[in-house]
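All remarks here apply to the structure that follows.
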């Protein structure tokens, strides 16, 4: 059994504690090597995988939830179109995504984050395609670098983090435009109305064309069609 996780007070005290230059240098240097190792492992394994679509959503979604079943159906149908499926590797929507990919005979990838609570990898990930991360930003880089599409089902802060990271990188031309799909019109309605009314119309913090960066759908067929149609215009198809 490992050492107990530090609580929030311990973390704050540690951040403000006096450290010698030697302690700072040693800690930072070791952390750099750990970060590099995660990037190298991720690049090495993901570089061999081929065209994939990332499926995101809450780790807390239960198997009897309609969005769990929808994520499973979407992932199954993506594999029928030749795509592999990448998820965050945990339970809930992530498990549903890997489950659907496995059932469809496609590649089932899990980029798992090591947390002190809530997440452990699900059993539907291909044994050679499970990668564990300590750092969220490394994991996020791997997600975006190796995804040909991004499908977000209902989720919490983590799902929103991934979604807005993808939108920001497309908006700023840091990555090429790729299909981003939000599944569940009722779930996303409030956020989208706020984006349109406040962020766009009232404060003018985004441009009208930024709303074209994503599609909002309700069904598995619609979600998969967005991915397929996007690449059809370039006469590209997965080549597994």
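For residues that are outside any strand (DSSP E or B) and touching a strand residue (DSSP E or B) at 6+ places or on another chain (Cβ under 9 Å), tally how many sit in segment 103-139.
Kept after step one, since they are outside any strand (DSSP E or B), are these residues of segment 103-139: 103-107, 114-129, 134-139.
Keeping just the survivors that are touching a strand residue (DSSP E or B) at 6+ places or on another chain (Cβ under 9 Å) gives 104, 106-107, 114, 119-122, 124-126, 129, 134-136, 139.
Residues that pass the stated criteria total 16.
Does segment 180-188 include one or more residues that are in contact with a strand residue (DSSP E or B) (Cβ under 8 Å, 6 or more places away or on another chain), assigned to a helix (DSSP H, G or I) and surrounded by 18 or more Cβ atoms within 10 Å (Cβ to Cβ)?
yes
Can you tell me which of 196, 177 is out of contact with any strand residue (DSSP E or B) (no Cβ under 7 Å at 6 or more places or on another chain) and part of a helix (DSSP H, G or I)? Please lay out each step first, then the result.
Values: 177 fails: part of a helix (DSSP H, G or I).
None of the other options fit; the residue is 196.
What about residue 159, is it buried (at least 22 other Cβ atoms within 10 Å of the Cβ) and either closer than 15 Å to residue 223 by Cα or under 11 Å from the mean Cα position of the chain (by Cα) (or both)?
Working: buried (at least 22 other Cβ atoms within 10 Å of the Cβ): no; either closer than 15 Å to residue 223 by Cα or under 11 Å from the mean Cα position of the chain (by Cα) (or both): yes.
Answer is no for this residue.
Return the residues of segment 66-102 that are more than 20 Å from residue 160 (Cα to Cα) and not in a helix (DSSP H, G or I); say none if nothing qualifies.
If the condition is that a residue be more than 20 Å from residue 160 (Cα to Cα) and not in a helix (DSSP H, G or I), then 81, 82, 83, 84 are the ones that fit.
Name the residue, out of 96, 71, 103, 59, that is touching a helix residue (DSSP H, G or I) at 6+ places or on another chain (Cβ under 8 Å), surrounded by fewer than 20 Cβ atoms within 10 Å (Cβ to Cβ) and within 24 Å of residue 222 (Cα to Cα).
Details: 96 fails: surrounded by fewer than 20 Cβ atoms within 10 Å (Cβ to Cβ); 71 fails: surrounded by fewer than 20 Cβ atoms within 10 Å (Cβ to Cβ); 59 fails: surrounded by fewer than 20 Cβ atoms within 10 Å (Cβ to Cβ).
Within the list 96, 71, 103, 59, the selection yields 103.
I'd like the residue in segment 145-173 that is touching a residue at least 40 places away in the same chain (Cβ under 8 Å) and part of a helix (DSSP H, G or I) and, out of all such residues, is farthest from residue 45 (Cα to Cα). Steps first, answer last, please.
Start the filter on segment 145-173 by keeping residues that are touching a residue at least 40 places away in the same chain (Cβ under 8 Å), which leaves 145-156, 158-159, 162-163, 167, 170-171.
If we keep only those that are part of a helix (DSSP H, G or I) too, we end up with 145, 158-159, 162-163, 167, 170-171.
Details: 145: 12, 158: 23, 159: 23, 162: 21, 163: 23, 167: 25, 170: 25, 171: 28 Å.
If we take residues in segment 145-173 being touching a residue at least 40 places away in the same chain (Cβ under 8 Å) and part of a helix (DSSP H, G or I), then 171 is farthest from residue 45 (Cα to Cα).
Scanning segment 217-240 for residues that are surrounded by fewer than 16 Cβ atoms within 10 Å (Cβ to Cβ) and at pLDDT 95 or above, which turns out farthest from residue 72 (Cα to Cα)? I'd like the intermediate steps shown before the answer.
The first filter runs over segment 217-240 and keeps only residues surrounded by fewer than 16 Cβ atoms within 10 Å (Cβ to Cβ), leaving 218-219, 221-222, 229, 232-237, 239-240.
Filter once more, keeping what is at pLDDT 95 or above: 218-219, 221-222, 229.
On the way: 218: 14, 219: 12, 221: 12, 222: 14, 229: 21 Å.
In this case the residue turns out to be 229.
The values are calculated or read from the model by the stated rules, or taken from the named source; none is laboratory data. A quick note: this is a predicted structure, and the numbers were derived from the prediction, not measured. All Cβ positions, even for glycine, are placed from backbone atoms using ideal geometry, and neighbour counts span all protein chains on display.
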